[in-house]
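Encoded as structure tokens, the structure appears first; notes follow it.
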Amino acid sequence: PALMRGQYDLCLFTYEKFSALVLGSPFLLDQIGTIIIDEVQMIADETRGVNLEFLLTLLRVRRQQGIEPQLIALSAVIGSSNGLERWLGGRILRREERPVPLNEGILKTDGSFRYIDSTGNVNEEQSYIQRIWNKNSSQDWVIPLVRRLVSEGKQVIVFRETRPETRGCALYLARELGLSPAQEAIGALPLGDPSGASHALREALSGGVAFHNSNLDREERLIIEEHFRAPNSTLRVLVATTTLAMGVNTPAEAVVIVGLEHPGPRPYSIAEYKNLAGRAGRLGYSTKGLSFLLALGANEENYFWTRYVLGKPEEIQSKFFVNT
């Protein structure tokens, strides 16, 4: 109701929530001066693309009725726009350069780091880490890699595929890394009636690590984001699902990506991968970003390198057209 009375200067919504509001209260668009669509490459997403395309179509229809709020669509990983800007009646402004250079590549099973730098040159640093023989799983590489990165003073985001994996990874890193507690973040957490996820979060934070997923409530997620961004934060490592990369401003000096499949399974698009890798490099905080895609085996090394590291984000395509 307050939004409908024009009492807010800025409101944030998901695509789905905003569509429902506009459909339920058609006069709402009369009160809005500018609409910013973040992560517009999601129009090509298998699951949410139809929702975003429906919203954009709705805005185009209302424009024909004389309701024309300014529309700005943003993306850091868009491929070919495929005429999206013409369909929206706008123009495209594109910049290819990154403000902070990125070394993007794969961590191989032998512990070496093969990467492409910001000039396009391919490099390989042998024995970047030494595998530990612990669980015969990805943590045998994740632990020594994150340990090296934090020992160099870097903040690290580790992306995992599922919510249980984010929680488990955060807890074993908190046990193994020996970092100082993120006491300020712990003190900022709400008291109330904590869930099982809240207990695990406090345990991880006592080891300087946090996780970020939808099992936490909104206030807990906002606190973790705020303290991870804070200058000189004692929260050094954040383990998250891909949702953290969608419109949430939490850059880090280094990103570690473990797994490239949504539940289903459904492989990540190249744009999704590039969005994760692009979180490495903090303007004003670091001179270079590092992105590591964990490749466990020769087949993964070749496939991940060719498809994802060297790949270009997909072009924008209508999911209405594809699904009909």
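The values are calculated or read from the model by the stated rules, or taken from the named source; none is laboratory data. This structure is a prediction, so every number in the text was calculated from the model and none was measured. Counting neighbours? That spans all protein chains shown, and the Cβs are built from the backbone with ideal geometry, glycine included. With ligands, DNA and RNA removed, areas are computed over all heavy atoms of the protein, side chains included. Shrake-Rupley method; radii C 1.70, N 1.55, O 1.52, S 1.80 Å.
Filter the range 121-133 down to the residues that are in contact (Cβ under 8 Å) with a residue 12 or more places away in the chain and not polar (S, T, N, Q), then identify the one that is surrounded by the most Cβ atoms within 10 Å (Cβ to Cβ).
Within the range 121-133, the match that is surrounded by the most Cβ atoms within 10 Å (Cβ to Cβ) is Ile129.
Yes/no matrix, rows are residues, columns are (1) in contact with a Phe, Trp or Tyr (Cβ under 9 Å, 6 or more places away or on another chain); (2) within 26 Å of Thr234 (Cα to Cα); (3) of a type in the set (Val, Ile, Thr); (4) crowded, with 18+ Cβ neighbours inside 10 Å:
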residue: Tyr115; (1), (2), (3), (4): yes, no, no, yes
residue: Thr119; (1), (2), (3), (4): no, no, yes, no
residue: Lys135; (1), (2), (3), (4): yes, no, no, no
residue: Glu152; (1), (2), (3), (4): no, yes, no, no
residue: Gln155; (1), (2), (3), (4): yes, yes, no, yes
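Could you grab me the full set of residues in the range 180-206 that are under 23 Å from the mean Cα position of the chain (by Cα) and under 22 Å from Gly153 (Cα atoms)? Spell out how you get there, then give the answer.
Step one: list which residues in the range 180-206 are under 23 Å from the mean Cα position of the chain (by Cα), which gives 182, 185, 189, 197-198, 200-202, 204-205.
Those that are under 23 Å from the mean Cα position of the chain (by Cα) and under 22 Å from Gly153 (Cα atoms): Ala182, Ala185, Ala204, Leu205.
How many of the residues in the range 92-113 are assigned to a loop (DSSP other than H, G, I, E, B), open to solvent by less than 20 Å² (accessible area, probe 1.4 Å) and within 27 Å of Gly79 (Cβ to Cβ)?
Our first condition is that a residue be assigned to a loop (DSSP other than H, G, I, E, B); within the range 92-113, this holds for 92-101, 108-112.
Restricting the remaining residues to those that are open to solvent by less than 20 Å² (accessible area, probe 1.4 Å) gives 100, 111-112.
Going one step further and asking which of them are within 27 Å of Gly79 (Cβ to Cβ), we end up with 100.
Qualifying residue count, the range 92-113: 1.
Just the residues that are under 22 Å from Leu93 (Cα atoms) and either modelled with pLDDT of 85 or more or among the acidic types (Asp, Glu) (or both), please, taken from the range 64-79. Lay out the reasoning, then the answer.
Pass one, the range 64-79, residues under 22 Å from Leu93 (Cα atoms): 68-79.
Answer for the range 64-79, where residues must be under 22 Å from Leu93 (Cα atoms) and either modelled with pLDDT of 85 or more or among the acidic types (Asp, Glu) (or both): Glu68, Pro69, Gln70, Leu71, Ile72, Ala73, Leu74.
Select from the range 263-274 the residues that are out of contact with any Phe, Trp or Tyr (no Cβ under 9 Å at 6 or more places or on another chain) and buried (at least 19 other Cβ atoms within 10 Å of the Cβ) and list them in ascending order. Steps first, please.
The first filter runs over the range 263-274 and keeps only residues out of contact with any Phe, Trp or Tyr (no Cβ under 9 Å at 6 or more places or on another chain), leaving 263-267, 269, 271-272.
If the condition is that a residue be out of contact with any Phe, Trp or Tyr (no Cβ under 9 Å at 6 or more places or on another chain) and buried (at least 19 other Cβ atoms within 10 Å of the Cβ), then Ser269, Ala271, Glu272 are the ones that fit.
Looking only at the range 48-78, count every residue that is outside any helix (DSSP H, G or I) and within 20 Å of Thr243 (Cα to Cα) and tell me the total.
As a first pass, look at the range 48-78 and keep what is outside any helix (DSSP H, G or I): 48, 65-78.
Within this subset, residues satisfying the condition of being within 20 Å of Thr243 (Cα to Cα) are 48, 73-78.
Number satisfying all stated conditions: 7.
Any idea which residue in the range 106-133 is farthest from Asn302 (Cα to Cα), counting only those that are touching a helix residue (DSSP H, G or I) at 6+ places or on another chain (Cβ under 6 Å) and β-branched (Val, Ile, Thr)?
Ile132
Counting only residues that are in contact with a Gly (Cβ under 8 Å, 6 or more places away or on another chain), open to solvent by less than 30 Å² (accessible area, probe 1.4 Å) and farther than 16 Å from Thr14 by Cα, how many does the range 40-90 have?
Summing the residues that are in contact with a Gly (Cβ under 8 Å, 6 or more places away or on another chain), open to solvent by less than 30 Å² (accessible area, probe 1.4 Å) and farther than 16 Å from Thr14 by Cα in the range 40-90 gives 2.
Could you check the range 295-324 and list, in sequence order, the residues that are closer than 24 Å to Arg131 by Cβ, surrounded by 21 or more Cβ atoms within 10 Å (Cβ to Cβ) and of a type in the set (A, V, I, L, M)?
Correct list: Ala295, Val309.
For Asp9, only one of the following conditions fails: (1) within 23 Å of Leu93 (Cα to Cα); (2) modelled with pLDDT under 80. What is its number?
The one condition Asp9 does not meet is (1).
Is at least one residue of the range 275-282 polar (S, T, N, Q), buried (at least 18 other Cβ atoms within 10 Å of the Cβ) and in contact with a helix residue (DSSP H, G or I) (Cβ under 8 Å, 6 or more places away or on another chain)? It would help to see each step written out before you state the result.
Pass one, the range 275-282, residues polar (S, T, N, Q): 275.
If we keep only those that are buried (at least 18 other Cβ atoms within 10 Å of the Cβ) as well, we get 275.
Okay, now just the ones that are also in contact with a helix residue (DSSP H, G or I) (Cβ under 8 Å, 6 or more places away or on another chain), so 275.
Within the range 275-282, one or more residues are polar (S, T, N, Q), buried (at least 18 other Cβ atoms within 10 Å of the Cβ) and in contact with a helix residue (DSSP H, G or I) (Cβ under 8 Å, 6 or more places away or on another chain).
Quickly run through the range 196-222 and pick out the residues that are surrounded by 21 or more Cβ atoms within 10 Å (Cβ to Cβ), among the hydrophobic types (A, V, I, L, M, F, W, C) and out of contact with any strand residue (DSSP E or B) (no Cβ under 8 Å at 6 or more places or on another chain).
The answer is Leu205, Leu216.
So which of Gly168, Gly153, Gly207 is within 23 Å of Leu107 (Cβ to Cβ), modelled with pLDDT of 95 or more and out of contact with any helix residue (DSSP H, G or I) (no Cβ under 7 Å at 6 or more places or on another chain)? Show your work before the answer.
Numbers: Gly153 fails: modelled with pLDDT of 95 or more; Gly207 fails: out of contact with any helix residue (DSSP H, G or I) (no Cβ under 7 Å at 6 or more places or on another chain).
Result of the check over Gly168, Gly153, Gly207: Gly168.
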